[in-house]
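These notes concern the structure reproduced below.
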Amino acid sequence: MAFEDKNILHRLYIIAGCLFLFVLAILVKITNIQFVEGEKYKELAKVNTTKNFVIPSNRGNVYADDGSLLAISVPKYDIRFDAVTVSAENFEKNIIPLSQALSKKFNKTVAHYESLLRNARATKNRYLLLERKISYSDYLEVKKFPLFNLGPYKGGMITEQSTVREHPIGKIAERMVGYERKDADGHYVRVGLEGAYGEYLRGRDGRRLKQRIAKGQWKPIYDENEIEPRDGYDVISTININIQDIAHHALLRQLELYEAEHGTVIVMETKTGEIKAVSNLGRTKQGTYYEKLNYAIGESHEPGSTFKVMAFMAALEDKVIDTSTVVDTGNGTHYFYGKKVSDSRKGGYGKISMGRVMEVSSNIGIAKAIEENYKDKPARFVEILQRMNLDKQLDLPIIGEGKPKIPHPSDKSGWSKNALPSMSYGYGVSLTPLQTLTFYNAIANDGVMVKPRFIRQVKAWNKEIETFGVEVINPQIASLQTIQKVQDVLKNVVEKGTGRSLYSPDFSMAGKTGTAQTEYWMKDFASNRRYISSFAGYFPAENPKYSCIVIIHKPKVSTGYYGADVAGPVFKSIAQKIYIDSPTSDVIENLEVLQASIENDFQEYYELAQKNYAAIPNVKGMSGMDAVSLLENLGLKVKVSGNGKVKAQSLPEGEKLIKGKQITLELSS
Amino acid sequence: MKQYLQHIKGDKAIWAIAALLALLSFLPVYSSSSNLAYLYGNGNTLGYLLKHGMHLVLGFVILYAVHRIPYNYFRAFSIIGMPIVFALLVYTLSQGTTIDGANASRWIQIPLVGFTFQTSSLAMVVLMVYVATYLTKIKDKTISFKESILPLWAPVFLVVGLILPANFSTAAILFSMVVLLVFMGGYPFRYLAAILGVGVVMLSLFVLTAKAFPGVFPNRVDTWISRVESFTDSKDAEEGYQIEKAKIAIATGGVAGLGPGKSVQKNFLPQSSSDFIFAIIIEEFGLIGAILLMFLYVWLLFRILIVAGKASSRFSKLVVIAVGIPIIFQAFINMAVAVELFPVTGQTLPLISSGGTSIWMTCLSLGIILSVSAKRVEVKKETDEENPLDILSEAV
């Protein structure tokens, strides 16, 4: 066969050429993947292999003013059971002991747990819920139960951790402490302190970019977190848990007694504006009460007679009346522009001073005084009220503050001839409980209107981040003279006015009752009267420390509805309890009074003890205690009989001192 | 140094390429071993590095030893080797190792050493040299088709048939390499066409039998079909998964690559240190790294052409082609799989992929080539000495 080596090489070159083309095709394909399809695959790589993990930050705590916890985040554990992973042998061996342990721990019968577990195994349930939201210590205990102690794969215990906000003081002040939740759209639902100070409490979640590796694990890409998590700050609130507790229970008792619809109590520290307690209780269908809504801040309503103080003060400040100005309240009914106004006492109060008008809370009295002085210039009256900040919101950090309403003659609607007299006794105006209290607190604080405050401090561990001080809304809402007159009137209300049932000689209070009709515009009002009973004031009457407002909506009329009867006792009980419960600190000075005789005795002994003895000293006449210590210090063994002063000593004075020798002393008193 | 270098004979460029490939191989092998260490080991990657190093050292010992053997000896070795290869292949297949019920008997355990060895790789080298020997023998004769059946095609079909059940791709490549070699060796075209026909018929018979009687003998027919299907339809099969990961690796690598050890896809590619190592190389070293690697293989191809071209005898030319072209072919197939130019096969990247058999057989092949090129140099110096084994090969 004539096949030359040359031909082999030619064919080889053809093959090599083909291989070269092949390698070029590979190269083209690589560039195609990289540049034409590149974006798609890079995106796929990103989606499949990297993920930004959120490192949740710990939410800060909310503390009471004394450092007690109001809200704290704690881990909770859901315990589930995988009935399939457990071997038949282990299951049968442990089911009874496990059921017994569970039964003991969670107070259900052994049979209940046994059938639950067996049923789960029969139905191949791999996710049987055993217990929800148990504490960490319970979780540790459950982990040691029979079967569960074999570990998650052999024992089948599944644990899911979640963080739960807990309120150590329970339901008390729940609404005030509030909460903050993120809804599905990522917006925060913000309630109470938690909501108001969420910015501080929340902290900042961290981020860590991780890359997927085999076995479904993720490894961090970089050494450091992309965003370091920062734990939330702690918020020290102004709430005092003792006062809160008192307020809560006093309100609750009264609500239950009067079967009222809802009620609220606020206690505020006069000088600083710190809110010491807020209780908001609403009625359930079953007739029990719980922290339903933040009425204290959110509910703006017609204040009724508590507003007479504002009207009275405006007129005083304008010097159109004085406490001694006499007004004729007539026979208890009076018509203003065809509208009937009546006083609570049948037959009326007749001619009385303005001070007395306030004490007895005469609607006619205050309405007449205001009407007479301002009917031609109602705007002036309203503007004085406005100067006292009554028409402005308090600008609270807590969301949902109700808007105050003080109508002005220039308003397009809501003003009539009747508006002025109605306003003077608290109708046609609207304030929230906290707004009313802020005004009363200003009276107690000699005219300085301070802003109600809910937090004192924001802290990160022990480091102070921000401190909140007193904020003054209005440095002087009225002249001191006016304020003092009003203070006297408020004191008299309790001593001899509508609030006299609250009077106690042991402690002083000042305040104003209020009994306002509500929903009087509804058709069934005549047959089903509804009232808002209130009491606003402060205590002690002199140098007030706290101001307080109690508002109870729709008490059962047959039981009572007057402010003094319904709201007043809550106020009194808070005032009383704060007095009684606050330990008075009596400082005893000069506890160690030097007594000359003792001092002399000691001096004598001291001189004797300082001497250097070579022989037995004479201890006769010395007190036994001194003699024993003196002799023992010399190295003698002392035996004592009797008590009192030394009468005789067994070794005579002047005998040579021998250490360890025994001496007997005879004492007698 | 010079002293040592003078022991090294033959084409210096091939030596250089082999050394370069071996050195470079540490980078991707070490990188992708991290996943193996995590998945199957105790997390220590040093073991994999040492193992790869030992494979290479042993490979270069083989390379050195083989290249010192005068190439004429290989004719005899191939003839002696054929029965041994048959025996080994039968033994391998008879082990009956299965992967998911499919025959996957590819390896035998080497006693004492603890290494596993893929016998089909050895069979490939031996068979190729054998075919070259046969072609040399018939160079001046005119043979009939019948005459070539027993000495040539019977052993070829026997070896391919023994490899086929467990390893389709190697069998197919081996068969194509034989056909290619026979084509270059001057075997008549007509006969070759007939043989190709026989090959196709036999393969079809095998597939049909396996399909018709699935339980008769374990085979991997279903795997091949699914692989080919997934290549043509790009179905979302396991192969589709591998290819997707490989393409992601290539795309993220870009021009410059992510850097040594920074591969992400090595965690998801099951054969990241062998079958899909090219994708990992592109991911870590980019297009630049890929081009460099391809250049090394093309250069090797070029050197093989030169050695073959300058080889003095018919056998030396054919044996260089017989063992040289499969190395290059294997390399390019491996690359083509990673870039989805070719269905998924189990071919390794010669001298780069981890795995002892692949390294050793590549070294054996390179040793043969170097032996030829070394001989050429010596031939110039002295006359051909009498080779006792030539007599044996003439006799068979």
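The values are calculated or read from the model by the stated rules, or taken from the named source; none is laboratory data. Keep in mind the model is a prediction, meaning the values are calculated, not measured. Cβ coordinates were reconstructed from backbone atoms using ideal geometry, including for glycine residues, and neighbour counts include every protein chain displayed. Remember, those area values only see protein heavy atoms, side chains included, never the ligands or the DNA or RNA. Shrake-Rupley method; radii C 1.70, N 1.55, O 1.52, S 1.80 Å.
Just a few scattered comments:
- Note on the range A:442-554: Lys pairs 8 or more places apart or on different chains, Cα atoms under 24 Å apart, count 15.
- Förster radius 22 Å - calculated FRET efficiency between A:GLN386 and A:VAL470, Cβ distance, rounded to 0.05: 0.40
- Based on Cα contacts under 8 Å between residues 6+ apart, chain A shows a relative contact order of 11 percent.
- Using θ = phi - 60° and Karplus 6.51 cos²θ - 1.76 cosθ + 1.60, couplings along the range B:316-326 (whole Hz; Gly, Pro as x): 4, 4, 5, 5, 4, 5, 4, 9, x, 4, x
- In this structure the amide hydrogen of A:VAL341, modeled in the peptide plane, comes within under 5 Å of the amide hydrogens of A:HIS334, A:TYR335, A:PHE336, none closer than 5 places in sequence on its chain.
- Charge dipole magnitude, Cβ of K and R +1, D and E -1 - the range B:9-374, Cα centre, debye nearest 20: 1280
- Here r is the Cβ-Cβ distance between A:ARG118 and A:LEU140 and R0 is 41 Å; the resulting FRET efficiency, rounded to 0.05, is 0.95.
- Neighbour cut-off at most 14 other Cβ (10 Å), DSSP loop, chymotrypsin sites (Phe, Trp or Tyr not before Pro), the range B:1-77: B:TYR40
- Between chain A and chain B, roughly 4200 Å² of accessible surface gets buried, counting both sides and using a 1.4 Å probe.
- For the pair A:LEU24 and A:THR85, label points projected 7 Å from Cα toward Cβ lie 5.9 nm apart.
- Projected label points at A:VAL320 and A:ARG212, each 7 Å from Cα along the beta carbon direction, are separated by 7.9 nanometres.
- Straight-distance candidates among the aspartates and glutamates for linking to A:LYS392, with alpha-carbon spacing under 17 Å and chain neighbours fewer than 8 residues away dropped: A:GLU299, A:GLU302, A:GLU383, A:GLU401, A:ASP411, A:GLU471.
- 3J(HN,Hα) along the range B:151-168, derived from phi through the Karplus expression 6.51 cos²θ - 1.76 cosθ + 1.60 where θ = phi - 60°, amounts to x, 9, 6, 4, x, 4, 5, 5, 5, 4, x, 6, 7, 3, x, 9, 8, 4 Hz, with x in place of Gly and Pro.
- Among A:GLN217, A:PRO97, A:ASN107 - extreme Cα towards positive end, dipole of the range A:54-235, charges at beta-carbon: A:PRO97
- Normalising the average separation of contacting C-alpha pairs (under 8 angstrom, six or more residues apart) by the number of residues puts the relative contact order of the range A:596-668 at 34 percent.
- Residues of the range B:263-292 that bury at least 40 Å² of accessible area when the other protein chains are present, relative to the chain alone (probe 1.4 Å, heavy atoms, ligands and nucleic acids excluded): B:VAL264, B:ASN267, B:PHE268, B:LEU287.
- Computing FRET efficiency as 1/(1 + (r/R0)^6) for A:TYR188 and A:LEU150, where r is the C-beta to C-beta distance and R0 is 41 Å, gives about 0.40.
- Karplus-derived 3J(HN,Hα) values for the range B:347-362, using 6.51 cos²θ - 1.76 cosθ + 1.60 with θ = phi - 60°, are 7, 9, 8, x, 6, 9, 4, 6, x, x, 4, 4, 5, 5, 6, 5 Hz; glycine and proline are entered as x.
- Spin-label model, B:ILE80 to A:SER629: label points 7 Å out along the Cα-to-beta-carbon direction sit 11.4 nm apart.
- Of the trypsin sites (Lys or Arg not before Pro) found in the range B:239-323, those that fall in a DSSP loop while having at most 16 other beta-carbon atoms within 10 Å are B:LYS262.
- For A:VAL472, distant residues with modelled amide H under 5 Å away: A:LYS451
- Contour excess over end-to-end distance, with Cα ends at A:ASN48 and A:SER162 and 0.36 nm allotted per residue: 38.3 nm
- For the segment A:12-20, counting C-beta atoms of other chains within 10 Å of every residue's C-beta and taking the mean gives 6.
- The fraction of accessible area contributed by carbon and sulfur in the range A:243-581 is 48 percent, rounded to a whole number (1.4 Å probe; ligands and nucleic acids excluded).
- Only Lys, Arg, Asp and Glu carry charge here, each on its Cβ (+1 for the first two, -1 for the last two); on that basis the protein assembly as shown has a dipole of about 2200 debye about its Cα centre.
- Accessible solvent surface per residue of the range A:364-416, calculated while the other protein chains remain in place, 1.4 angstrom probe, Å²: 51
- For the set A:LYS405/A:LYS556; A:LYS339/A:LYS572; A:LYS93/A:LYS171, the pairs lying more than 32 angstrom apart at their alpha carbons are A:LYS339/A:LYS572; A:LYS93/A:LYS171.
- Built amide H within the under 5 Å cut-off of A:GLY402, gap 5+: A:GLY298, A:GLU299
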